[in-house]
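Everything below concerns the one structure shown next.
The values are calculated or read from the model by the stated rules, or taken from the named source; none is laboratory data. Bear in mind the structure is a predicted one, so any value in this text is a computation, not a measurement. Please note: Cβ atoms are built from the backbone with ideal geometry, for glycine as well, and neighbour counts cover all protein chains shown. Ligands, DNA and RNA are excluded from the accessible area calculation, which covers all protein heavy atoms including side chains. Shrake-Rupley method; radii C 1.70, N 1.55, O 1.52, S 1.80 Å.
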Amino acid sequence: MLKKTSLALGGAALFLAWNGLLLLFLWSRPGALPGPQSPQNPEGSRLLPAQLLQLAQDTEAELRLQRDLLLQIQKFSRLQHQKTPKPPQTPRAAEAPELPVIPVLVLACDRSSVRRCLDKILRYRPSARRFPVIVSQDCGHAETARVIASYGQAVAHIRQPDLSDIPVPPEHRKFQGYYKISRHYRWALGQVFRTFRYRAAIVVEDDLEVAPDFFEYFQAVFPLLQRDPSLWCISAWNDNGKEAMVDAGHAELLYRTDFFPGLGWLLLAELWDELEPKWPPAFWDDWMRQPEQRRGRSCVRPEVSRTMTFGRKGVSHGQFFDQYLKFIKLNDRFVPFTQLDLSYLKKEEYERFFLQQVYSAPEVKIEELQKDAGRDSGAVRLQYRGRDSFKALAKALGLMDDLKSGVPRAGYRGIVSFVCRGRRVFLAPPSDWTGYDPSWS
């Protein structure tokens, strides 16, 4: 249709040009038009005005006709353009935005049970291209190396080159393992962000098992981490995630927390740029929980953990494992996080609704809670006013009662949310809370 319209316009233009040339030709022909009086044309002076007037009128009428024709052609062209359906988008334009590539960094040492970790990661990951698996092995343990190698091209196997002992202060001789772990973390994260140049990474250790929606969770919250400078990590772990203390029927619930949970966590390359120059020689996770590193930022954590640990044996000699860690509930149903609106996790919106929810809940004493819990499903609040008060209540309720730089595990603005005998409970400081006290550690 556009081709036909162009031909019509071209034809009209040629028609006008032809008329102009014809008129010029007629004017230039001898005797073709009447001229001044002469012996050969004695009536020329009498006929000239009338003939010229008629010629001018005919020319004006023809030009008017051609102008109207051009206007009709232009109008027709516009109408046809509006009616003609737009061509389909090219495949590139129709594609969804390119999803990010986020590697899973598995830190391994001497556990051949790393197979349990890798099997679940490979089973649940939705795309090998978007979630490449990198296993970084320390310790030089041959059997563990054979297990990792058995996965072939499904995983990338890198090895920490420095296996030497680390000089430590005499009083830290028994903590040599913690120094080696910190050295390994620094090397492995350096490989991911410096050598391979990824822009983000999910970090797990070889004694973690992941949930069916582990990857769905991380890819859904990842954009929020990119946009919200008040966040510095996403964690799959709830420190108080024992089965009796979570609402498994609402596994889609997510929270902000000021406590760095670890145990399956996502960080951006920008955070590694910040942390790498001052990375500690040992106890890297507690170092992350210090105010100098956290800098007022929070992590996102789930109601129901997306990881569980099966590694009782390790450098911590089973600390917390028998009392807490082995009871952590691993989520067993798939939550389509990428289809949910997670904007409520933005700092301003979260604080508005979360603090209102906490401090509008009726305050109760622990005796009332233990006596009446389950009869009413409404949320309640337990209030603590100091370090000793918090630890006593946490211990009585079965929560983890240790504090790091004054921050309780899973806490946000000092508030710990959990379930007690079927009821939502907020263990919270007074509403005029002004900040964490590092001396509470």
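A few remarks follow.
- Residue match in the stretch 234-244 (condition: among the basic types (Lys, Arg) and within 26 Å of Pro103 (Cβ to Cβ)): no
- For beta carbons closer than 7 Å, sequence separation of 6+ or different chains, a first residue in the stretch 245-257 that is of a type in the set (Gly, Ala, Ser) and a second that is modelled with pLDDT under 95, the qualifying pairs are Ala251/Arg333.
- Among the residues listed as Leu266, Leu271, Leu275, Leu253, the single one being over 21 Å from Ser405 (Cα atoms) and open to solvent by less than 20 Å² (accessible area, probe 1.4 Å): Leu266
- Pair list, Cβ under 8 Å, 6 or more apart: the stretch 344-372 residue free of Cβ contacts under 8 Å to residues at least 24 places away in the same chain, other residue open to solvent by less than 80 Å² (accessible area, probe 1.4 Å) and polar (S, T, N, Q): Glu349/Ser343; Glu363/Gln383
- Here Ala220 fulfils each of the conditions (1) among the hydrophobic types (A, V, I, L, M, F, W, C); (2) part of a loop (DSSP other than H, G, I, E, B); (3) in contact with a helix residue (DSSP H, G or I) (Cβ under 6 Å, 6 or more places away or on another chain) apart from (2).
- Only one of the listed residues (Ala142, Ala211) is more than 16 Å from Leu107 (Cβ to Cβ) and open to solvent by less than 10 Å² (accessible area, probe 1.4 Å). That residue is Ala211.
- Failed item, numbered, when Lys180 is tested on (1) of a type in the set (D, E, K, R); (2) within 21 Å of the chain's Cα centre (by Cα); (3) open to solvent by 10 Å² or more (accessible area, probe 1.4 Å): (2)
- Considering Arg146, Arg227, Arg199, the condition of being more than 30 Å from Phe334 (Cβ to Cβ) and among the basic types (Lys, Arg) is satisfied by Arg146 alone.
- Taking the stretch 155-175 as the range and being open to solvent by less than 40 Å² (accessible area, probe 1.4 Å), free of Cβ contacts under 8 Å to residues at least 60 places away in the same chain and either under 24 Å from Asp286 (Cβ atoms) or part of a helix (DSSP H, G or I) (or both) as the test, only Gln160 passes.
- Here Pro261 fulfils each of the conditions (1) open to solvent by less than 20 Å² (accessible area, probe 1.4 Å); (2) farther than 30 Å from Gln176 by Cβ apart from (2).
- Residues in the stretch 195-206 that are surrounded by fewer than 21 Cβ atoms within 10 Å (Cβ to Cβ) and of a type outside the set (Val, Ile, Thr): Phe196, Arg197, Tyr198, Arg199.
- For the stretch 403-419, the criterion of being more than 17 Å from Pro261 (Cβ to Cβ) and either open to solvent by less than 70 Å² (accessible area, probe 1.4 Å) or in a loop (DSSP other than H, G, I, E, B) (or both) is met by at least one residue.
- Residues being within 25 Å of Val425 (Cα to Cα) and either open to solvent by 20 Å² or more (accessible area, probe 1.4 Å) or part of a helix (DSSP H, G or I) (or both) - total across the stretch 223-250: 8
- When residues of the stretch 420-434 are limited to those that are in contact with a Phe, Trp or Tyr (Cβ under 7 Å, 6 or more places away or on another chain) and open to solvent by less than 10 Å² (accessible area, probe 1.4 Å), the one nearest to Ala248 (Cα to Cα): Val425
- Test: residue in the stretch 365-379 that is part of a loop (DSSP other than H, G, I, E, B), within 23 Å of Met400 (Cα to Cα), open to solvent by 50 Å² or more (accessible area, probe 1.4 Å) and modelled with pLDDT of 90 or more: yes
- Counted residues, the stretch 98-130 - those being open to solvent by 50 Å² or more (accessible area, probe 1.4 Å), part of a helix (DSSP H, G or I), more than 15 Å from Arg306 (Cβ to Cβ) and in contact with a helix residue (DSSP H, G or I) (Cβ under 8 Å, 6 or more places away or on another chain): 1
- Taking the listed residues Val135, Val192, the one that is surrounded by 21 or more Cβ atoms within 10 Å (Cβ to Cβ), closer than 21 Å to Ile234 by Cα and either touching a helix residue (DSSP H, G or I) at 6+ places or on another chain (Cβ under 7 Å) or without any contact (Cβ under 8 Å) to a residue 60 or more places away in the chain (or both) is Val135, with no other qualifying.
- Selection of the stretch 346-364 for residues being surrounded by fewer than 12 Cβ atoms within 10 Å (Cβ to Cβ) and assigned to a helix (DSSP H, G or I) yields Glu348, Glu349, Phe353, Gln356, Ser360.
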